[in-house]
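Here is the structure we will look at, set down as structure tokens.
Laboratory data are not the source of any read-out in this text; all were calculated from the coordinates shown. This one's a predicted model, so the numbers in the text were calculated from it and none came from an experiment. Here the Cβ positions follow ideal geometry from the backbone for every residue, glycine too, while neighbour counts run over all protein chains shown.
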Amino acid sequence: MMISKKLNDTFNAQVGNEFGASMQYLQIAAYFDAMSLSNFATFFFLQAQEENAHAMKLLHYVLETGSPLQIPAIPQQKATFTSAEEAVTAALGWEKEVTRQIYNLMDIAVEEKDYISQRFLDWFISEQLEEVSTMENLLNLVKLAGEKNLLMLDNRVMSLRGPAAGAPTASE
Ligand SMILES: [Fe+2]
Ligand SMILES: [Fe+2]
């Protein structure tokens with residue numbers, strides 16, 4: 001086992017956090033789907049896919065280091081929203097929370113002089129910058145447009161995902 005018990009436990013917990021984020025995004029996608037805002041829905045379905053890929057990336061890292069995998073119970077996610085602003089605010093809150101969780105993993109890896117884990121986690125830290133900034137942009141636009149004008153925003157929401165829009169890249 002190439003990583004400590006403490007790091008192993010924290011990586012296992014993070015696998016669950018990423019699956020939880022994926023499920024939360026599915027709920028948000030369902031909210032937008034019910035409002036017939038199809039691009040908003042697609043945006044969040046793709047986010048959900050990305051979070052699933054993050055969980056798998058962490059899961060394979062645990063296995064690669066020869067450590068036991070223990071996926072925790074995933075708490076039930078918030079399923080009802082009263083506005084797009086509330087849903088996107090929840091998504092931004094998630095991303096900030098996940099950033100703290102990744103920082104915590106990095107803090108442990110640094111503390112333990114585990115350079116392999118530090119290098120592995122670098123990718124997640126860069127990814128969080130992109131995720132938080134994308135969600136902040138989306139929240140700004142939702143506030144600017146207002147709930148009545150979301151249909152106009154629906155036409156350009158996918159462009160917020162950047163050049164990789166629509167297709168998760170090989171690294172994800
Ligand atoms: Fe993630
Ligand atoms: Fe994310």
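At most 14 other Cβ atoms within 10 Å and a DSSP loop assignment: could you name the trypsin sites (Lys or Arg not before Pro) in the stretch 111-154 that fit?
Values: sites: LYS113, ARG119, LYS143, LYS148; in loops: LYS113.
The qualifying sites are LYS113.
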Can you compute the modelled spin-label distance between GLU97 and GLU136, with each label point 7 Å from Cα toward Cβ, in nm? 2.0 nm
Suppose each label sits 7 Å from its Cα in the direction of the beta carbon; what would the ALA79-LYS5 distance come out to in nanometres? 3.8 nm
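Can you tell me how much longer the chain between ARG156 and LEU63 gets when fully stretched, taken as 0.36 nm per residue apart minus their C-alpha distance, in nm with one decimal? Spell out each step's value before the answer.
Working: separation 93, 0.36 × 93 = 33.48 nm, distance 3.96 nm.
Residue separation times 0.36 nm, minus the Cα-Cα distance, leaves 29.5 nm.
Evaluated at 37 °C with a viscosity of 0.692 mPa s, what Stokes-Einstein diffusion coefficient in µm²/s does the stretch 69-156 have when Rh comes from the Kirkwood expression over alpha-carbon pairs? Could the numbers behind the result be given before it?
Details: Rh = 15.3 Å.
Result for D is 215 µm²/s.
According to the square roots a ≥ b ≥ c of the eigenvalues of the Cα gyration tensor, what is the shape class of the stretch 5-95, taking rounded for a/c under 1.5, prolate for a/b larger than b/c otherwise, and oblate for the remainder? Mind dumping the intermediate values first?
Values: a/c = 3.30, a/b = 2.38, b/c = 1.39.
In terms of gyration-tensor shape, prolate.
Pick out, in residue order, every one of the chymotrypsin sites (Phe, Trp or Tyr not before Pro) in the stretch 15-119 that is DSSP loop and has at most 13 other C-beta atoms within 10 Å; say none if there are none.
On the way: sites: PHE19, TYR25, TYR31, PHE32, PHE40, PHE43, PHE44, PHE45, TYR61, PHE81, TRP94, TYR103, TYR115; in loops: PHE81.
When the chymotrypsin sites (Phe, Trp or Tyr not before Pro) of the stretch 15-119 are filtered for loop state and at most 13 Cβ neighbours within 10 Å, nothing remains.
May I ask for the Rg/Rh ratio of the chain, computed from Cα atoms with Rh as the Kirkwood radius, given to two decimals? Present the calculation step by step, with values, prior to reporting the outcome.
Working: Rg = 16.9 Å, Rh = 16.8 Å.
Here Rg/Rh amounts to 1.01.
Over 24 Å between Cα atoms, which of LYS5/LYS78; LYS57/LYS113; LYS96/LYS143; LYS57/LYS96; LYS5/LYS96 qualify?
Working: LYS5/LYS78 32 Å; LYS57/LYS113 22 Å; LYS96/LYS143 19 Å; LYS57/LYS96 20 Å; LYS5/LYS96 26 Å.
Pairs exceeding the cut-off: LYS5/LYS78; LYS5/LYS96.
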